[in-house]
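Worksheet for the structure shown next.
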Amino acid sequence: MDGNHPDKYRRLAHAWLREYVSSADRRIGRSGPVCPFVPHALAQHALQTDIRYDITGCSESELTDELRAEICEFAAAGRPAHSAGVLLESRLVAMPCVDADGWERLDAAYGHLKDVAVGLGLMVGQFHPRCDERAVRNPDFRVSVAPVAMLAIRHMAPHDILFLHRYERWFKEYDSRFRSHFQRGRIRDPLLLSLYSSARDHHSLST
C-alpha cells in the first residue's frame, strides 16, 4: 500500500500533530493545546513517529501482540537520565492499513494495552477516525479522532491522575510515582487535587 509514497502517512501524522493536537480547541473545556505535552515534544524532537504498514488489524490478537511489543520496546529504553521533570520522549505508532473493522479491534484491545503500559510506568492513547474517547472536561467532545489508526506511547506524568483514578491497580502505579508531588504541594490544579484525594479514599490508601 502506497509503496511509491513511503512518507505520505508520516507527513499526515505530523500535520495532525501540529494542526490539531498542538492547537487550542475550546471544545476540550480548558485553555491551551488539545495536548499540552505535544508542542514541547515536537520542539525538542522527542517524539518518534513509526509508520507500521505491516499492522493490518486483521485480528485483535495481531493488534495486541504488535502494539504490546512497541510498548515494551519503548519501556526497555528506560527513563532518560537527563530529564528531571516531565519526560518528553514519546512514540507515535501510525497504522494506515488498519481499516474500519480494525478500528473496532483496536478499541477492544485498548484496555489490555493500557494495563500493560501503566504497569511499566507508561501511558498510551488510541486514535482513529471513529474513536469515541471523550475529553475529560467535556464528555460531548470526541477528542481522539485521527486520520488513521494510531497509538501514542509516553512516560507517565503527574496530570495522568485524570486517566488513572478509577481503577485500583492503575491508581496504585500512579500513586507510587507521584505521591510526593501532592505531599509537597507541587500539584495545584483543583481537578487533579480532587481526583487524587477521592481516589485515595476510594481505594483505601492511607496518607
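Close Cβ contacts (under 8 Å, 6 or more residues apart or on different chains) running from residues in region 87-112 that are in contact (Cβ under 8 Å) with a residue 24 or more places away in the chain to residues that are of a type in the set (S, T, N, Q) and crowded, with 20+ Cβ neighbours inside 10 Å comprise Leu106/Gln126; Asp107/Gln126. Which members of region 132-176 meet the condition of being charged (D, E, K, R) and closer than 22 Å to Pro190 by Cα? Scanning region 132-176 gives Arg134, Arg137, Asp140, Asp160, Arg166, Glu168, Lys172, Glu173, Asp175. Evaluated against (1) crowded, with 17+ Cβ neighbours inside 10 Å; (2) outside the structural domain of Tyr53 (by TED's automatic domain parsing); (3) at pLDDT below 95, Ser180 falls short on exactly one condition, (1).
Only strands (runs of 3 or more DSSP E) whose full extent lies in region 105-207 are considered here, and the ones with at least 2 residues that are in contact with a helix residue (DSSP H, G or I) (Cβ under 8 Å, 6 or more places away or on another chain) and farther than 18 Å from Leu67 by Cα are 138-142. Residues that are crowded, with 17+ Cβ neighbours inside 10 Å and in contact with a strand residue (DSSP E or B) (Cβ under 7 Å, 6 or more places away or on another chain) within region 108-132 comprise Tyr110, Leu113, Lys114, Ala117, Leu122, Met123, Val124, Gly125, Gln126, Phe127, His128, Cys131, listed in sequence order. For region 15-58, a residue qualifies if it is assigned to a helix (DSSP H, G or I) and touching a helix residue (DSSP H, G or I) at 6+ places or on another chain (Cβ under 8 Å), and the qualifying residues are Leu17, Arg18, Val21, Val38, Leu42. Criterion applied to Gly29, Gly85, Gly3 was being at pLDDT below 95 and not assigned by TED's automatic domain parsing to the domain that holds Val148, and the one residue passing it is Gly3. Annotation: Lys172 fulfils all but one of (1) among the basic types (Lys, Arg); (2) in contact with a His (Cβ under 9 Å, 6 or more places away or on another chain); (3) surrounded by fewer than 14 Cβ atoms within 10 Å (Cβ to Cβ); the unmet one is (3).
Evaluate the following for Arg105: is it of a type outside the set (A, V, I, L, M) and at pLDDT below 95? No.
Residues considered: Glu89, Glu70, Glu133, Glu66. Of these, the only one that is in contact with a Gly (Cβ under 9 Å, 6 or more places away or on another chain) and either closer than 24 Å to Glu173 by Cβ or among the acidic types (Asp, Glu) (or both) is Glu133.
Within region 49-71, being within 13 Å of Tyr110 (Cβ to Cβ) and either aliphatic (A, V, I, L, M) or not assigned by TED's automatic domain parsing to the domain that holds Arg105 (or both) holds for Leu63, Leu67, Ile71. Scanning region 51-78 for residues that are surrounded by fewer than 16 Cβ atoms within 10 Å (Cβ to Cβ) and among the acidic types (Asp, Glu) returns Asp54, Asp65, Glu73. Among the residues of region 88-104, just one is part of a strand (DSSP E or B) and more than 20 Å from Lys8 (Cα to Cα), namely Ser90.
The values are calculated or read from the model by the stated rules, or taken from the named source; none is laboratory data. Note that this is a predicted model, so its numbers are computed, not measured. Neighbour counts are summed over all protein chains in view; Cβ atoms, including those assigned to glycine, are modelled from backbone coordinates with ideal geometry.
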